[in-house]
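Asks: The following block contains the structure, expressed as structure tokens.
The values are calculated or read from the model by the stated rules, or taken from the named source; none is laboratory data. If you're wondering where the values come from, they're calculated on a predicted model, not measured in any experiment. Note that we place each Cβ from the backbone using ideal geometry, even for glycine, and neighbour counts take in every protein chain shown. Surface areas here come from the heavy atoms of the whole protein model, side chains and all, with no ligands, DNA or RNA. Shrake-Rupley method; radii C 1.70, N 1.55, O 1.52, S 1.80 Å.
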Protein chains: 2
Amino acid sequence: MSDTHTLRRITVFDTTLRDGEQSPGCTMNLRDKLLVAEHLEALRVDVIEAGFAIASPGDFESVKAIAGVVKNAAVASLCRALPKDIDCGWEAVRGAAHPRIHTFLATSPIHMEYKLKMTPDQVYDQAVAMVKYARNLCADVEFSLEDCSRSERPFIYRVVEGVIAAGARTVNIPDTVGYAMPEQFGQLVADIRAHVPNIAQAHISVHCHNDLGLAVANSLAAVRAGADQVECTVNGIGERAGNTALEEVVMALHTRREFFQADTGIDTSKIYATSRCVTNVTGSKVQANKAIVGENAFAHEAGIHQHGMMANPLTYEIMTPESIGLPRNKMVLGKHSGRHAFESRLDELGFHLEAARITELFAKFKDLADRKKTVSDADIEALAHNIQTMIVEHVKLDRFNVTASNAITPVSTIRLCRDGKLVEQVAASDGPINASFKAINQILGVKAKLETFQLSAITGGTDAQCEATVRVRDGARVFHGRGISKDVIEASILAYLQALNVLLDETVQKKTAEG
Amino acid sequence: MSDTHTLRRITVFDTTLRDGEQSPGCTMNLRDKLLVAEHLEALRVDVIEAGFAIASPGDFESVKAIAGVVKNAAVASLCRALPKDIDCGWEAVRGAAHPRIHTFLATSPIHMEYKLKMTPDQVYDQAVAMVKYARNLCADVEFSLEDCSRSERPFIYRVVEGVIAAGARTVNIPDTVGYAMPEQFGQLVADIRAHVPNIAQAHISVHCHNDLGLAVANSLAAVRAGADQVECTVNGIGERAGNTALEEVVMALHTRREFFQADTGIDTSKIYATSRCVTNVTGSKVQANKAIVGENAFAHEAGIHQHGMMANPLTYEIMTPESIGLPRNKMVLGKHSGRHAFESRLDELGFHLEAARITELFAKFKDLADRKKTVSDADIEALAHNIQTMIVEHVKLDRFNVTASNAITPVSTIRLCRDGKLVEQVAASDGPINASFKAINQILGVKAKLETFQLSAITGGTDAQCEATVRVRDGARVFHGRGISKDVIEASILAYLQALNVLLDETVQKKTAEG
């Protein structure tokens, strides 16, 4: 057994809010991002890449807002290797307790020739110049060699040495297209260690993509070869097949720390709550057999396995559900549960709320417990999430009545309460949910487009609650909504109204700001 | 560039129907399994593990049925290392064109002590005796050393040598609990090659689990070290975090075949259709960022990436969507599309149907195209799947009328046509779908329990179709149903009726068999 004090400490750089958010369907609004950032702090990641500040005014604002609230982790903005990008990124992160500028330029022949249309010498000069430029603003600068795994060794060594001399504290080696094999990728890191004279002055970071299912394996091979930082996202979200999954790389290092002689500073017991939070705000679900955080990750179905598990859990279990914050034998909550038990469960599930909000939530819990025999964690999460996002209810459902049939056209009558006034509208469409959304649009005078719609029973059986999730687009802005009810129609209406309340709130705030 | 003729040919052993089916929520019935087996043949896997014959009469029947239809692949049944298991497995596979018996026994200290309560000598003797026993029945015998990655080297070598001498053609090295690291697992395979004198007389197989996200990486490390066979499942389904994903290990070998100096015999262009089929029959969806087969696997969102992609696709793309059977620029199908275009698309999507069924489907397609501007692949898949599973409609929806409201209790009136007679029933419940299912249960006199219920819009926008999927349990039997409609209530009713039709069909067949 090795002493844990001798383990190398790997830096965890989370890019859920930048590379993750960039993936189709994972767009988050400001309050979603703040919620995720709060979970990442609790998880004790070392660096939070909060966005790509120059990409849009919205991105700039959210990087700045996150920089304003995060205390312990460094907050980074991605910037192309251009002065205007770096200026903008610095403006966004300068208020952080630990600001970082992360700038990048491609170094592979194919990217330099076709995308950048620059020679290697031009790329070298710009990389070095922009790191110097960034260092004049910020002490903590990271430089990424985009598409490094397809770049040529001598040029890699030259650029790495140059940017370190120019002041980069971290040099990132991305496998941008997810092409690398673990053996090769580990060798690349080892070679950089061996061939770059000033390498000891910087941290080596890796950033892997999962196109061939190897992002985690590549990151781990790099750690074995001496990498100091791993870039990753919660649930592995990200473009195409996504990024290295934080939960997988962290739990692999943690479970096999003797093998790696390394570990992270992550509080693994916060993994489950963070994963659920990212699923909730993006609406992007993890599959049942997803490693670590999937619904089945700790489920043992086969008879022979159950038999072994009963004889000795270690026959089939290499880590415990508790280690990721998934309690094994939990007390079941129901109508007789008190506020204390309810508060503890909220805490376990990663919700840290003010007393007034807990009171509000406890009332809703009691109401639900009256209608259901047992209230599941998923039920509680669903309730808590609605409160935690603190959506101002500009408009509220008062009454609805829906008729659906395959003989006549479905009709929905909706009565909403808007600013204290009741407004009613009736609409017909080819389905009762379409009809309801149409009536709501007519009342509110909005032209939002429904992009995705999903409904599922949260818990099995006939007393199940239904959870509806919607993604609504209004021009470039995307809004998520979630609704819970035993009635699918009501759940759908509530989800749609939640998304529209965020939309209305942003519109109101914009008007206030302009006025 | 190496000549493809010099590449080692890796055997692909698919266990979707055994280890995959064993995972929570992935239970399949006979016709689902036959459909998956048909896709696996088209995909050209080398071995289909069709089930665990002794586990239940249903498992036995499905192994036997699959053995009866598969022509090119070997068909295996899993059997514990016991005469009664092997007899039963042989009975199930003996009718196959290429039968295989796959028997296993644990070799790790923890499994031998706590689960088997056997000494190493007893384990050795039983393994050797049972391989001999199996070889008396079947020429093709595979032996697995369960929990091999946690077993001791000298004992592994001894057992491997013993079972090969007893006639095993394939020796499988499982990482049963998903604990191995690629470097270590590759070394294990290399050591077995180096230390077992008669190893050249057998194939080395590996079987990895994904608990730490490394199943694919471990399998690939084993191939580099000389493994000849990889065991895997479509979409990586399987207990806990699942098995090695077939599509990932196959595409990694294929894309990097120069590196591995190895490839498989898989027709990669059938990967997408096979993945969709497994998702359809299990109802277990893959996440959007799943490597190879996820919805986003080939999607490029970020502006900088799109710019690069336009300049040269190779800047960000290491494999083409076409290589897995996902056509890039497809003609859009709509109301003006003819039967020929429709047939080609069906074929591309992996549906190989008789002319009469295509005619039936084409009529449904035309009907849908009248109501929607464009008909997506997902729409066609959904329609085709219903036909392909060839469910006998013992009962059919005639009419329904549903009222839902938050002011009064939802009520559903359902009229079904059963054996030519119309039967109507009305029921109230806390949601319109519950009320509808209750009315149906009353009409049919069944007591099936709804286990899971999911609804999603197949395609975005207001002319979207909804897809409902249900899992219904009747005692030990599980039935899946799927329904498509623009109305969520109708989609749910159709899904429920589809599941119940399979249930009724099995009941009818049972009575016929008994009578």
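Asks: Quick test of your reading of the structure: B:A55 fulfils all but one of (1) among the hydrophobic types (A, V, I, L, M, F, W, C); (2) in contact (Cβ under 8 Å) with a residue 24 or more places away in the chain; (3) open to solvent by 40 Å² or more (accessible area, probe 1.4 Å). Name the failing condition by number.
Replies: That leaves (2) as the condition not met.
Asks: Here's a check for you: in the range A:489-500, which residue that is closer than 13 Å to B:D430 by Cα and in contact (Cβ under 8 Å) with a residue 40 or more places away in the chain is least open to solvent (accessible area, probe 1.4 Å)?
Replies: A:I489
Asks: So which pairs qualify, if the first residue must be in the range A:73-96 and open to solvent by less than 60 Å² (accessible area, probe 1.4 Å), the second must be aromatic (F, W, Y) and in a strand (DSSP E or B), the Cβ gap must be under 9 Å, and the two must be at least 6 apart or on different chains?
Replies: Partner pairs satisfying both residue conditions: A:A74/A:F13; A:A76/A:F13; A:L78/A:F104; A:C79/A:F104; A:A81/A:F104; A:A81/A:F143.
Asks: Kindly indicate which of A:T409, A:T413 is hydroxyl-bearing (S, T, Y), under 27 Å from B:D398 (Cβ atoms) and at pLDDT below 95.
Replies: None of the other options fit; the residue is A:T409.
Asks: For the condition facing another protein chain (nearest Cβ under 9 Å), open to solvent by 10 Å² or more (accessible area, probe 1.4 Å) and under 21 Å from B:G283 (Cβ atoms), what is the one hit in A:T452, A:T469?
Replies: A:T452
Asks: Looking at the range B:175-206 only, could you name the residues that are more than 10 Å from chain A (Cβ to nearest Cβ), open to solvent by less than 10 Å² (accessible area, probe 1.4 Å) and touching a residue at least 60 places away in the same chain (Cβ under 8 Å)?
Replies: Answer for the range B:175-206, where residues must be more than 10 Å from chain A (Cβ to nearest Cβ), open to solvent by less than 10 Å² (accessible area, probe 1.4 Å) and touching a residue at least 60 places away in the same chain (Cβ under 8 Å): just B:S205.
Asks: Further, regarding this structure: From A:A439, A:A448, grab the single residue that is closer than 21 Å to B:G431 by Cβ and among the hydrophobic types (A, V, I, L, M, F, W, C).
Replies: A:A439
Asks: Going by the conditions given, is B:E231 under 16 Å from B:T16 (Cβ atoms) and charged (D, E, K, R)?
Replies: yes
Asks: Okay, next question. If A:R135 satisfies all but one of (1) in contact (Cβ under 8 Å) with a residue 40 or more places away in the chain; (2) touching a Gly at 6+ places or on another chain (Cβ under 6 Å), what's the number of the condition it fails?
Replies: (1)
Conditions (1) at pLDDT 85 or above; (2) closer than 30 Å to B:V216 by Cα; (3) more than 21 Å from the chain's Cα centre (by Cα), marked per residue:
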site	(1), (2), (3)
B:A311	no, no, yes
B:L349	no, yes, no
B:H352	no, no, no
B:T359	yes, no, yes
B:R371	no, no, yes
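Asks: Please list, ordered by residue number, the helices (runs of 4 or more DSSP H) wholly in the range B:215-307 having 1 or more residues that are closer than 23 Å to B:G51 by Cβ and either within 7 Å of another protein chain (Cβ to nearest Cβ) or open to solvent by less than 10 Å² (accessible area, probe 1.4 Å) (or both).
Replies: The qualifying helices (runs of 4 or more DSSP H) are B:215-224, B:246-255, B:271-282.
Asks: Specify which of the listed residues (B:R158, B:R169, B:R153) is touching a Lys or Arg at 6+ places or on another chain (Cβ under 9 Å) and more than 14 Å from chain A (Cβ to nearest Cβ).
Replies: B:R169
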